[in-house]
Each structure stands twice: as C-alpha cells, then as structure tokens.
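Inspection log for the structure reproduced underneath, given as structure tokens.
The values are calculated or read from the model by the stated rules, or taken from the named source; none is laboratory data. Since this is a predicted model, take the numbers as computed values, not measurements. We place every Cβ from the backbone using ideal geometry, glycine too, and count neighbours over all the protein chains shown.
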Amino acid sequence: MKTKVILIESQKEVSDRITCTLSNASDIELCANYNSTVSGISDINSEYSGVYLIDINCIDFLKHVSKINKKAIFIVSADIPDIKGLVHSLLAGASGYIIKDCNEKELIDSIKNISSGKAMTNLSTANCFFYKFKELIQNKHRLTMTELKVLQQLSNGASYEEIAAQRNVSLSTIQSHVKKIYKKYNVNNKKDAIAKGTLLGIL
C-alpha cells in the first residue's frame, strides 16, 4: 500500500525538488502540493487522513488540524536543525521532524518510517541534533582553562594541598576553583565532578 502525502511548502525550489522525489517514488503517492501561504493553507483539506509533510512556518496550521484530525500524521520540515523548532513542532502535534536538504532516499525512508511509527526523524537530522545538544551541554558547562586543569589534577588523585603547591597558589584559591566547578556541573562532591567531566569528554 502506498503512503499518501500532502506537501505544504513555502519555498518553490524545495517544493519542486520534493515533489519530483515523491512523484517518482513507487511506494508514495503525492496527493496534493500546497504553498504555505495564508491563502494556500485555507484551501487544504483538514480532514485528510494521510501524511502532511509540512513547512515549519505552518506550526499554527499544524496545531489547528492536529486537534480535529486524529488520523493524520504530521512531519515538519525545516531548513536547519533547530532545537526550539523541534520542541514546538512536537508540542503542536508533529510525529516527526526532518531537514529539507536530506537526500531522496532519506526523504522517502523518513516518510515511511515516521508514518509507521518506527522513527521520529532520519539519521542525518538525528546526527545534527546530537551535535547541537552536545555543543549546548558543553557550552553550558564550559570550564575555564584553570578550572579544567584543577579538575584534571583531581581526577589524577591529587589533593587540594598538592594542587595548590604545584600551581603555586593558596589553598583557598584551589577551593574557590573547585566550588565554581561544582556550581557549573551542579554537583556536590569531587567524585561526581570527575564523573561529569568524564561524561562530557573533557577528562
């Protein structure tokens, strides 16, 4: 059985490329193609029970239709892997999220996998989000070079006194650095700080 799709896309070049890909797919039927403008959206059949491949700019339409049409499946397409856009899409009722410039095979596989409940995105989009989340976490917990060196010395078993002597600073200075590390990592002891640093890949 073919997977039936309605495409809602604002960018003509993207719309033409996706239309060509879906039209040539043997197991997908492109039922309609709409421009995601106010006038275009008003013409869309909100009772359609297949897959809506919908531009991220149409979140309001997604919110409206997902409330009245429980049979439809919504896949949001975006230009870039945006964490906020992903969250808004899922909260609005989307079943999946993909990046518009994915290749033909990824696009077709994504539509089939998401519509059957096997996945929420494709591999390239998932990888993009993985690195986005990794960057977000690392930035949030970024240590200064001094704090990093202190944490590395702690992980190697050095005591506060030994670190202070090696760095030629007072014990209170090292204690201050450690307090800042604990605060950034939201931990209360040396063991957890070292574990967090290891998890983030800095140790």
Check your understanding: Which of the residues that make up segment 9-31 are assigned to a helix (DSSP H, G or I), more than 14 Å from Ala78 (Cα to Cα) and in contact with a helix residue (DSSP H, G or I) (Cβ under 8 Å, 6 or more places away or on another chain)?
Key -> Thr21, Leu22
Point to revise | Count - residues of segment 70-79 that are under 14 Å from Lys4 (Cβ atoms) and surrounded by 14 or more Cβ atoms within 10 Å (Cβ to Cβ) | key: 4
Revision key, fill the gap. Scanning segment 95-111 for residues that are touching a residue at least 40 places away in the same chain (Cβ under 8 Å) and among the aliphatic types (A, V, I, L, M), the one surrounded by the fewest Cβ atoms within 10 Å (Cβ to Cβ) turns out to be Ile108
Point to revise | Identity of the residue in segment 47-66, surrounded by fewer than 15 Cβ atoms within 10 Å (Cβ to Cβ) and modelled with pLDDT under 85, that ends up nearest to Glu104 (Cα to Cα) | key: Ser49
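Yes/no per residue for (1) within 14 Å of Ser77 (Cβ to Cβ); (2) outside the structural domain of Lys190 (by TED's automatic domain parsing); (3) at pLDDT 90 or above:
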{"site": "Gly93", "(1), (2), (3)": "no, yes, yes"}
{"site": "Lys132", "(1), (2), (3)": "no, yes, no"}
{"site": "Glu147", "(1), (2), (3)": "no, no, yes"}
{"site": "Asn156", "(1), (2), (3)": "no, no, yes"}
Check your understanding: Is it the case that Asp43 is surrounded by fewer than 15 Cβ atoms within 10 Å (Cβ to Cβ), modelled with pLDDT of 90 or more and farther than 20 Å from Ser115 by Cβ?
Key -> no
